Amino acid sequence: MEGLDVGIVVGSDSDLPVMEEATRILHDFGVPHELKIASAHRSPDLAVRYAQTAEERGIAVIIAAAGMAAHLPGVLAAYTCLPVIGVPLQGSVLQGMDALFSIVQMPPGVPVASVAVNGARNAALLAVQMLGIKDPDLRKKLRAYKDALAIGVLRKSEKLNSYRG
């Protein structure tokens, strides 16, 4: 699958419902992407191979989602020089805080960016922003997206004000 820009990796198929938001955002922006399952604990060789071969397959940014101990983003980051964005998942009794801390507390030299718990949308948007550094068309789409967000807020504000009369 040549020419992919974003690789999304989840540790389990149970993570897919949350990560569908990331695939939708990437699709909406026209960013080629792939979605794979590879567990840092149950299939570590597969996860390592994914990270080691991502760049040669055309991946520029990796988004990795994991819950509980959330080692997947860090394992991928250890085996690639590509940026890795971690999405902590809310699946444990700690409501995702354990995953969040696991992702943001990476040791020096192995950075992993992190978004909010279940923050698949922001992970995809951050990946789009990273790709947009060298892609003016993508930056233009991002500006339009942000403009649409602002217009949405203004419309809601106007609607609220019209009720107060």
Conditions first: (1) touching a Ser or Thr at 6+ places or on another chain (Cβ under 9 Å); (2) in a helix (DSSP H, G or I); (3) surrounded by 19 or more Cβ atoms within 10 Å (Cβ to Cβ). Gln52 passes all but one, so which condition is the exception?
(3)
How about region 55-70: which of its residues are under 15 Å from the mean Cα position of the chain (by Cα) and not in a strand (DSSP E or B)?
Ile59, Ala60, Ala70
Hey, any hits in region 23-43 for a residue that's surrounded by 22 or more Cβ atoms within 10 Å (Cβ to Cβ), under 12 Å from the mean Cα position of the chain (by Cα) and either within 14 Å of Ser114 (Cα to Cα) or basic (Lys, Arg) (or both)?
no
Tell me, please, whether a residue that is assigned by TED's automatic domain parsing to the domain that holds Leu26, closer than 23 Å to Arg24 by Cβ, within 18 Å of the chain's Cα centre (by Cα) and not in a helix (DSSP H, G or I) can be found in region 122-130.
no
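The values are calculated or read from the model by the stated rules, or taken from the named source; none is laboratory data. Since we're looking at a predicted model, the values are computed, not measured. Because the Cβ atoms are built from the backbone with ideal geometry, glycine has one as well, and the counts that use them run over all protein chains shown.
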